[in-house]
Amino acid sequence: MKISVIGCGYLGAVHAAAMVELGHEVVGIDVDAKKIAQLALGLPPFFEPGLPEILTSAMATGRLRFSTDISEVAGSRVHFVAVGTPQKPGSYAADLTYVDAAVQALLPHLGEGDLVVGKSTVPVGTATRLAGIIAASGTGATLAWNPEFLREGFAVKDTISPDRLVYGVAAGEPGEHATALLNEIYAVALAADTPLVITDFATAELVKVAANAFLATKISFINAMAEIAEVTGADVTQLADAIGYDNRIGRRFLGAGVGFGGGCLPKDIRAFTARAEELGRGDSVAFLKEVDAINLRRRQRAINLTVSALGGSVYNAKVAVLGLSFKPHSDDVRDSPALDVAVQLHGLGANVVATDPQGIENSRARHPQLTYSTDLEETLREADAVVLVTEWPEFRHLDPAWVGGLVKNKIVIDGRNSFDAATWRAAGWTYYGLGRP
Ligand code: UGA
């Protein structure tokens, strides 16, 4: 099928290449000329495992192209809207400028039977409003909402073999038409028995924010337990293991540490509270404000631990910060707890040297005041303290004896509870975890 994808960021670029992999013909559109120029050469503008490979193979088929010119969508039957919905400056609400602009830009190019498919995460009610705009355009096109659940770092796998598909469609014949087109697009996943939920617009929009709100709540729950562990001498990692054996709870997303960040969870829970307040139901999700507050407190906890480990001040101390991206296998530093910890320690007068396998470039663009190093040895050499804030495998598997030979003080603050405390202590380190004795 001929498809267009509007917005070629972490979501859209992967979606475009993956749709070619599934046999379709795709044009990817973005207003960012630099990004499009790179993609047109088959080069991903960001780090995502597996994307270079599927981009190269998709380009080789001749069925994938990229353009800044929206009129290139002509001929496509389905148009995915995959633009960003960041937090509005000075507000908790989502900024819908890019979604609205994408739909407006599409309107002159839509024809009878075309389908616009929203993938962006939006406040509930947006799809109904956009469907009204498309209906009023008299183009004969319709709308569906098909939320995306991909995780950065696993985006290619999550797009090609999703764990579920959700279609939010209109009632009656337009909904049947939308369902038929989406079934054709996702034929490979459906043939593999991927669960499919066909529902209304509001449910589809809510599925996405509810899923992210649940995940954020799960992380903040275990981080709240970490706070209790800290005043009782308990160990939150063992607590998580023990409750995680209960299948109803499950161990995933019970990793206590400096908390969640990224371009999704933090802004999605805030936008959800803002939308619920608009709907007169603020109380129903008021707990998400607490989820947010717990999350932000954990970054502060890692900073406080570092300060107290260094005798009450980090001024002029060399602090080696391991990690900048919001999670491993990503170069994304949006709302990254790791980068935040590095910046705040720098603000307290520490001589921060930060390293990350992929996140340095994006961090430098936002915080040029920090010192970055691509060299792990240089980062660690003569450090007064080591702070782990993103659990990349290359950090998790560090040999404490080797690191001990480089640093000035064997003080480690494990902001992701990723190191084996006993092994580090046995190698002579003073080890601090979050929510661990
Ligand atoms: C999240 C959701 O997991 C995806 O399902 C969703 O599609 C995506 O947002 C989105 O809305 O587009 P992502 O932002 O890629 O995906 O990252 P996650 O893997 O969910 O991790 C989020 C944050 O939580 C990271 O900072 C991670 O370090 C942190 N985290 C995760 C913890 O602190 N503890 C855990 O146990 C797990």
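The values are calculated or read from the model by the stated rules, or taken from the named source; none is laboratory data. Model, not experiment: these values are computed from the prediction. Cβ placement follows ideal geometry from the backbone for every residue including glycine, while neighbour counts extend to all protein chains displayed. Accessible surface is based on the protein model in full, side chains and every heavy atom, while ligands, DNA and RNA are left aside. Shrake-Rupley method; radii C 1.70, N 1.55, O 1.52, S 1.80 Å.
Summary of computed values
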{"read-out": "Residue in segment 50-60 that is open to solvent by 10 Å² or more (accessible area, probe 1.4 Å), within 21 Å of Glu148 (Cα to Cα) and within 15 Å of the ligand (Cβ to nearest atom) present", "value": "yes"}
{"read-out": "First in segment 267-281 and free of Cβ contacts under 8 Å to residues at least 40 places away in the same chain, second anywhere and open to solvent by 40 Å² or more (accessible area, probe 1.4 Å), Cβ under 6 Å, 6 or more apart", "value": "Ala276/Ser284"}
{"read-out": "Strands (runs of 3 or more DSSP E) contained entirely in segment 120-231, each with at least 1 residues that are open to solvent by 50 Å² or more (accessible area, probe 1.4 Å) and either within 16 Å of the ligand (Cβ to nearest atom) or closer than 30 Å to Ala74 by Cβ (or both)", "value": "196-199"}
{"read-out": "Enumeration of residues in segment 341-365 that are more than 16 Å from Leu380 (Cα to Cα), among the small types (Gly, Ala, Ser) and open to solvent by less than 10 Å² (accessible area, probe 1.4 Å)", "value": "Gly359, Ser363"}
{"read-out": "Residue that is nearest to Val341 (Cα to Cα), among those in segment 246-265 that are touching a helix residue (DSSP H, G or I) at 6+ places or on another chain (Cβ under 7 Å) and more than 6 Å from the ligand (Cβ to nearest atom)", "value": "Val258"}
{"read-out": "Residue match in segment 317-326 (condition: outside any strand (DSSP E or B) and open to solvent by 50 Å² or more (accessible area, probe 1.4 Å))", "value": "no"}
{"read-out": "Filter result (outside any strand (DSSP E or B) and buried (at least 19 other Cβ atoms within 10 Å of the Cβ)) within segment 71-91", "value": "Val73, Ser76, Ala82, Val83, Gly84, Thr85"}
{"read-out": "Residue match in segment 385-408 (condition: farther than 17 Å from Val321 by Cβ, under 22 Å from the mean Cα position of the chain (by Cα) and in the same structural domain as Arg301 (by TED's automatic domain parsing))", "value": "yes"}
{"read-out": "Verdict on Gly42 being of a type outside the set (Val, Ile, Thr), on the phi > 0 side of the Ramachandran plot and without any contact (Cβ under 8 Å) to a residue 60 or more places away in the chain", "value": "yes"}
{"read-out": "Hits in segment 1-33 (condition: over 18 Å from Tyr98 (Cα atoms), part of a helix (DSSP H, G or I) and open to solvent by 10 Å² or more (accessible area, probe 1.4 Å))", "value": "Glu21"}
{"read-out": "Matching residues, segment 34-49, being part of a helix (DSSP H, G or I) and open to solvent by less than 30 Å² (accessible area, probe 1.4 Å)", "value": "Ile36, Leu39"}
{"read-out": "Identity of the residue in segment 232-245, among the small types (Gly, Ala, Ser) and more than 13 Å from the ligand (Cβ to nearest atom), that ends up most open to solvent (accessible area, probe 1.4 Å)", "value": "Ala242"}
{"read-out": "Yes/no for Asp268 being surrounded by fewer than 19 Cβ atoms within 10 Å (Cβ to Cβ) and either more than 16 Å from the ligand (Cβ to nearest atom) or assigned to a helix (DSSP H, G or I) (or both)", "value": "no"}
